[in-house]
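Working notes for the structure below.
The values are calculated or read from the model by the stated rules, or taken from the named source; none is laboratory data. Every value quoted in this text rests on a predicted model; they were computed, and no experiment measured them. In this analysis, Cβ positions are derived from the backbone assuming ideal geometry, glycine residues included, and neighbour counts consider all displayed protein chains.
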């Protein structure tokens, strides 16, 4: 009986360790805005975390929130950063190339990304 309990505990810890390793090294596939909205079935990503890359346009600060369009060519998606931090303000400018990671949602029939993380992209 003790051997069985020990086996269960070892299996549980091994599973947790493998899950931790997987989540640490897992990287989302990054799409261009155009590919995301026109090539992929973006409804499959609804309410899920996604990663998009593009150029920032039309920045607007409202209260502690930042709104901007992330564009690939003429195709854009609205992005919002709630409770923006100072270091994020220093990263996001018009015509900056960024990779954003956030949740894909539909708000007032408009697709948008609620941004969690922002990365500068060097082209």
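Assorted remarks:
The rows are residues; the columns are (1) outside any strand (DSSP E or B); (2) at pLDDT 80 or above; (3) over 25 Å from residue 109 (Cα atoms); (4) out of contact with any helix residue (DSSP H, G or I) (no Cβ under 6 Å at 6 or more places or on another chain).
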| position | (1), (2), (3), (4) |
| --- | --- |
| 12 | yes, yes, yes, yes |
| 19 | yes, no, yes, yes |
| 22 | yes, no, yes, yes |
| 28 | yes, no, yes, yes |
| 37 | yes, yes, no, yes |
| 43 | yes, no, no, yes |
| 50 | no, yes, no, yes |
| 69 | no, yes, no, yes |
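- Test: residue 84 is in contact with a strand residue (DSSP E or B) (Cβ under 9 Å, 6 or more places away or on another chain) and at pLDDT below 85: yes
- Residues that are loosely packed, with under 12 Cβ neighbours inside 10 Å and more than 18 Å from residue 75 (Cβ to Cβ), drawn from the range 108-120: 108, 120
- Cβ-Cβ contacts under 7 Å between residues 6 or more apart (or on different chains), taken from a first residue in the range 61-78 that is at positive phi and touching a residue at least 60 places away in the same chain (Cβ under 8 Å) to a second residue that is in a strand (DSSP E or B) and surrounded by 15 or more Cβ atoms within 10 Å (Cβ to Cβ), are absent.
- Test: residue in the range 85-96 that is under 21 Å from residue 47 (Cα atoms) and outside any loop (DSSP other than H, G, I, E, B): no
- Per the conditions (1) modelled with pLDDT of 80 or more; (2) surrounded by fewer than 16 Cβ atoms within 10 Å (Cβ to Cβ); (3) under 19 Å from residue 110 (Cβ atoms); (4) out of contact with any strand residue (DSSP E or B) (no Cβ under 6 Å at 6 or more places or on another chain), the sole criterion not satisfied by residue 75 is (2).
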